[in-house]
Amino acid sequence: MCIRDRQIAVKGRDFPQWREEMKILDPSVQAVVFLLPGPKKAAPLYNDIKLHLLEHSPVPSQVVLLKTVEGGKGLRSICNKILVQICAKVGGVPWTVNNLPFTDKPTMIVGIDVYHKANTKEKTKSILAFCSTVNNTFSRYWSTLRYQDQYQEIGNTMQTAVMDSLEEFFQTNKIGPQRVIVYRDGVSEAQIKGVRESEVDAFLRAFQTFNQEKNITQKTELVYISVNKMVNAKFFQSNGDNLQRESSISNPPQGTIISETVTSGKDFYLISQKTTQGSASPSHYHVVHNDMEGSGSPGKSEEIMKQIQILSYKLCYMYYLSLIHI
């Protein structure tokens, strides 16, 4: 059924006027699009509107600058990108990636990051951002966040988020995930031991509690991967035997995996983006915990690691704010 949109013109640039008009945004509203004046990344009202929607009217929103659409240049491409973002925000699936690994049984992908020194009233809070998939193509998401005191053990906060994500997966699919693959951002090499002792244990405790509540007897497998984008390593490919020539080396192509010589067998570097200027910036992936290895043969362990590498690269195409890999 096609529902006719409603257009509202707001006179003035003072936020109270916009806030008054936003009172009509009740739960029946599927999405709201704002056309705002101002330059890119500095449009007035943007922060106030987004904060108001988050706190008082949880309606998916899309902000478009008038300058972007008034120029007329590339309007078709601009509209396409805007529609993709709106589609994703209202729960649609703009696209998927084929031949994804680990889709042989119910699997949930989780992304986690922690932001410290959050700008809250107390200014002593950290924010745990948690996002998980709820379908078999890893293209629909559920998300939440948790506040906690700085330097507090993150395990307990993490466990409640995991429990809620498992429940959301169960309600969507009528079955719990048999495998959970976690990508944890912002972990340095020195923090990996702490992640294993705190965060991995939080997931395992959540699995045990959830499976007992749902009378699930099969063990839920966990793969926990730390991702570090702030690395000093640089990689180049040789274009000939004479390395003294300027054209003899170049950046590796996108999708390059480095998993030998400079790695331990439990980690790898991935160059996911195409670099046209400067040197490529790899991301470092470290598999902190892997239940899929079990007691399998070395050959099986190597194959599982290859599948993790392929999954990590293919997920780089699932960022709906970009039409290319990231």
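Just the number please: accessible area per residue for the chain, 1.4 Å probe, all protein chains included, in Å². Could the numbers behind the result be given before it?
On the way: 19840 Å² over 326 residues.
Here the residues of the chain average 61 Å² of exposed surface.
Among 103, 173, 137, which residue has its Cα positioned farthest towards the positive end of the charge dipole of segment 70-189, with +1 placed on the Cβ of Lys and Arg, -1 on the Cβ of Asp and Glu, and the dipole taken about the Cα centre? My answer, from the dipole projection, is 137. Using the Cβ-Cβ distance between residue 301 and residue 62 with R0 = 51 Å, the FRET efficiency computed as 1/(1 + (r/R0)^6) comes to roughly 0.70. So in the chain, what percent of DSSP beta bridges are antiparallel if you round to the nearest 5? Here the share of antiparallel DSSP bridges comes out near 65 percent.
Using all pairs of distinct alpha-carbon atoms, the Kirkwood hydrodynamic radius of segment 182-326 works out to 17.4 angstrom. Under 5 Å from the amide H of residue 323 lies no amide H of any residue 5 or more positions distant or on a separate chain, with H modelled from the backbone and absent for Pro and chain starts. A simple spin-label model places pseudo-atoms 7 Å from Cα toward Cβ; at residue 248 and residue 29 they are separated by 6.3 nm. Of 303, 293, the order by accessible heavy-atom surface (1.4 Å probe, DNA, RNA and ligands excluded), from most exposed downward, is 303, 293. Sorted largest first by accessible area at a 1.4 angstrom probe radius, with every protein chain in place, the residues 184, 146 fall in the order 146, 184.
Leaving out ligands, DNA and RNA, what percent of the accessible area of the chain is carbon and sulfur, probe 1.4 Å? The partial results should precede the final answer.
On the way: 10140 of 19840 Å².
Whole-percent figure for carbon plus sulfur exposure: 51.
Binning all Cα-Cα separations of segment 1-148 at 10 Å, short to long from zero, yields these whole-percent fractions: 9, 28, 34, 23, 6, 0.
Ignoring ligands, DNA and RNA, how do 147, 183 rank by accessible area with a 1.4 Å probe, largest first? Don't skip to the answer; put the middle values down first.
Working: 147 135, 183 30 Å².
Reading off the accessible areas and sorting them downward yields 147, 183.
Between residue 201 and residue 185, the contour length at 0.36 nm per residue exceeds the Cα-Cα span by 4.0 nm. Helix 201-213 and the longest principal axis of the C-alpha atoms of the chain enclose an angle of approximately 70°. Relative to the longest principal axis of the Cα atoms of the chain, the long axis of helix 75-89 makes an angle of roughly 70 degrees. Remark: C-alpha extents of the chain on the principal axes read 67, 63, 45 Å, sorted largest to smallest. Secondary-structure-derived ellipticity at 222 nm for the chain, considering helices only, amounts to -8500 deg cm²/dmol, per-run term -39500 (n - 2.57) for DSSP H runs with n ≥ 4. Label-to-label distance, residue 232 versus residue 215, with points set 7 angstrom from Cα along the beta-carbon direction: 5.8 nm. Between residue 260 and residue 145, what FRET efficiency comes out of the Förster formula 1/(1 + (r/R0)^6) with R0 = 51 Å and r the beta carbon distance, rounded to 0.05? Working from the Cβ atoms, E equals 0.85.
Annotation: peptides 128-137, 271-280, ranked by per-residue average of other Cβ atoms within 10 Å with the highest first, follow the order 128-137, 271-280.
The values are calculated or read from the model by the stated rules, or taken from the named source; none is laboratory data. It should be emphasised that the depicted structure is a prediction, and the values quoted were computed from it without experimental measurement. Neighbour counts are summed over all protein chains in view; Cβ atoms, including those assigned to glycine, are modelled from backbone coordinates with ideal geometry. For the accessible areas, the whole protein counts, side chains as well, though only heavy atoms, and no ligand, DNA or RNA atoms are used. Shrake-Rupley method; radii C 1.70, N 1.55, O 1.52, S 1.80 Å.
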